[in-house]
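Trainee: One structure, as structure tokens, below. Some questions next.
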Amino acid sequence: MSTVPQHRLLRTEIPGPRSRELHARKSAAVSAGVGTTLPVYIERAGGGVLVDVDGNQLIDFGSGIAVTSVGNAAPRVVDAVREQVADFTHTCFMVTPYEEYLAVCEALNELTPGTHEKRSALFNSGSEAVENAIKIARHATGRSAVIAFDHAYHGRTNLTMALTAKSMPYKHGFGPFAGDIYRMPMAYPYRWPTGPENCAEEAFAAFVEQVHAQVGESNVAAVIVEPIQGEGGFIVPAPGFLRAVADWCREHGIVFIADEIQSGFCRTGDWFASTHEGVVPDLITTAKGIAGGLPLAAVTGRADLMDAVHAGGLGGTYGGNPVACAAALAAIETMRADDLIGAAKRIESVMMSRLKELAATYDVIGDVRGRGAMIAVELVKGGGSKEPNAALTAAISAACHREGLVTLTAGTFGNVLRFLPPLVIGDDLLNEGLDILSAALEAATSKAAA
């Protein structure tokens, strides 16, 4: 259990005076290119609560963007990290290896979808994992073209920016980008022109036609897709679309890569979101929730693909750091012991019920979607219009912040509120956060109507 009291408490305005002092220091010391969603400076955290330097206790609906799924400062993670730090902090696995790296790879090979023989390699960040998955696919197939999708987000490095769909803020002014990347339509049910009932079939047909015409199947090394798109707005592809793409990849000798960096590790009510669609990826990328807040990422996949790369072709100085590996093993133990898959399903039940009630009241909520504790609402102009409403989204999120609820926005059009609470959050905090959201929605829509 967390030592942080599990209730909201506002001692000052948000942000408070001490946070404002620190934010002034940030402006003087940190690149302006590193933005901040909510400038409250945290000194402690646990469970579903963040405690800032002014003593305010905020409800956490962000989990550091799906990172602290087991809760901040989770006891097993803290104990494992302390023990490992006391033993050694680094040797570089490529120089003198250690058992912790092996144990994480063994766990990933067991937990990821599929019963085939697998191998894993560890890295530092989601972007690194994606880059290395592409390297592996290209090396193993001898092909170079890579297919990504509309609304995708895969990272901020040069190659992953090329894979990412949204320009501002991720790509604007940073080109030229890596080549031989092609973008195809995503099966986005809410915005599919002929309706959600036609989405999977028509999106897949468009995908096949465009790849054939623009790229050629024999030139494609990999198709990479998020089973639930993250920054794109928590888009859950129409049922059957992912399976059709994966089967098509297998037919043409193309590597199917599932980017589960945000959706993995119990977040969606299963170990991985691919499982909901009955999809077994050739390669799967993971990060975020893997290590309870410490930087770690991985590529896991078919042994023949992972072993195709020459010795020394994969790795990095810090990849699979022993402290991060110890944290990952403890986080996975926590997920199992505390049934965080069940916890994600409980969160889905509470959130979906409340959010659908709001959608029935406010026509500016165009869509409620997601799985497990990866839930979103898409906001529109209302009155029958699906025009994105980014201004309302920003206003609601800001109102939530002022009341001590940490919320995040997303979406290609900036009109999605996304919710990623820690899987250990209690129902009381969850419902209080939803009460705050409801009040913010009411206030923002009343103001807009005035």
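Just so it is clear, none of the values below were taken in a lab; they were calculated from the coordinates. In this text the structure is predicted, and so the values were computed from the model without any measurement. Note that each Cβ is placed from the backbone with ideal geometry, even for glycine, and that neighbours are counted across all protein chains shown.
Trainee: Hey, fewest Cβ within 10 Å first, where do Cys199, Cys249 land in order?
Mentor: Going from sparsest to densest Cβ surroundings: Cys249, Cys199.
Trainee: Can you list residues whose amide H is under 5 Å from Phe61's amide H, if they're 5+ apart or on another chain and H is modeled 1.01 Å from N?
Mentor: For Phe61, the qualifying residues are Val406.
Trainee: Whole-Hz Karplus ³J(HN,Hα) for segment 264-275, in order, using 6.51 cos²θ - 1.76 cosθ + 1.60 and θ = phi - 60°, x for Gly and Pro?
Mentor: With the stated coefficients, segment 264-275 comes to x, 6, 6, 4, 9, x, 8, 4, 9, 5, 4, 4 Hz.
Trainee: Follow-up question, since we're still on this one. Normalised by the number of residues in the chain, what is the relative contact order in percent for Cα pairs under 8 Å and 6+ residues apart?
Mentor: 22 percent
Trainee: Let me ask another. List the pairs from Lys118/Lys171; Lys135/Lys166; Lys26/Lys288 whose alpha-carbon separation is above 27 Å, in the order I gave them.
Mentor: Distance filter (> 27 Å) returns Lys118/Lys171.
Trainee: Then there is this: Could you tell me what % of all Cα pairs in the chain have separations over 40 Å?
Mentor: Taking all Cα-Cα pairs of the chain, the fraction more than 40 Å apart is 17 percent.
Trainee: Shape of segment 1-152 from its Cα gyration tensor (a ≥ b ≥ c, root eigenvalues): rounded if a/c is under 1.5, otherwise prolate when a/b > b/c, or oblate?
Mentor: Here segment 1-152 falls in the prolate category.
Trainee: Using a Gaussian network model on the chain with a 10 Å cutoff between Cα atoms, which of Val78, Val279, Val34 fluctuates the most?
Mentor: The residue with the greatest mean-square fluctuation here is Val34.
Trainee: Tell me which lysines have Cα within less than 18 Å of Lys386's Cα, excluding those fewer than 8 residues away on the same chain?
Mentor: Candidates past the 8-residue exclusion: Lys356.
Trainee: Along the positive direction of the dipole of segment 22-115 (beta-carbon charges: Lys, Arg +1; Asp, Glu -1; about the Cα centre), which of Val78, Tyr101, Ser27 reaches farthest?
Mentor: Toward the positive end, the furthest listed residue is Ser27.
Trainee: Still on this structure, please answer the following. What FRET efficiency comes out for Thr96 versus Ala391 if R0 is 41 angstrom and r is the Cβ-Cβ distance? Round to the nearest 0.05.
Mentor: 0.15
Trainee: For segment 70-103 and segment 297-343, what is the separation of their Cα centres, given in Å?
Mentor: 12 Å
Trainee: Now for a separate question. When we measure straight from the Cα of Lys345, which aspartates and glutamates land under 15 angstrom away, once same-chain ones fewer than 8 places off are left out?
Mentor: Asp270, Asp427
Trainee: Right, another one. Using +1 on the beta carbon of Lys and Arg, -1 on that of Asp and Glu, and nothing else charged, what's the dipole of the chain about the Cα centre, debye to 20?
Mentor: Dipole of the chain, to the nearest 20 debye: 1020 debye.
Trainee: Can you put Glu99, Glu106 in order of Cβ neighbours within 10 angstrom, beginning with the fewest?
Mentor: By the 10 Å Cβ count, ascending, the order reads Glu99, Glu106.
Trainee: Taking square-rooted eigenvalues a ≥ b ≥ c of the alpha carbon gyration tensor, is segment 212-309 rounded, prolate or oblate, where a/c under 1.5 means rounded and, failing that, a/b exceeding b/c means prolate?
Mentor: Oblate is the answer for segment 212-309, as a/c is 1.5 or above yet b/c matches or exceeds a/b.
Trainee: Express in whole angstrom the spacing between the alpha-carbon centres of segment 1-65 and segment 151-210.
Mentor: 34 Å
Trainee: Pick from Gly232, Gly312, Gly278: which is most flexible by mean-square fluctuation in a GNM of the chain where alpha carbon atoms under 10 Å apart are linked?
Mentor: With Cα springs under 10 Å in the chain, the top fluctuation among Gly232, Gly312, Gly278 is at Gly312.
Trainee: Give me the base-10 log of I(q)/I(0) for segment 77-337 at each q in 0.10, 0.14 Å⁻¹, Debye formula, one uniform scatterer per Cα, rounded to two decimals.
Mentor: Once normalised to I(0) and log-transformed, intensities are -0.48, -0.93.
Trainee: Just to be sure I understand: with springs between alpha-carbon atoms less than 10 Å apart, which residue in Val368, Val85, Val380 has the highest mean-square fluctuation in the Gaussian network model of the chain?
Mentor: Result for the chain, Cα springs under 10 Å: Val85 fluctuates most.
Trainee: Share of antiparallel DSSP beta bridges in the chain, in percent to the nearest 5?
Mentor: Taking every DSSP beta bridge within the chain, about 70 percent pair in antiparallel fashion.
Trainee: A further question follows. How long is the gain from Gln210 to Glu357 if the chain were fully straight, where each residue apart is worth 0.36 nm and the alpha carbon distance is subtracted?
Mentor: So the chain would gain 49.0 nm between Gln210 and Glu357.
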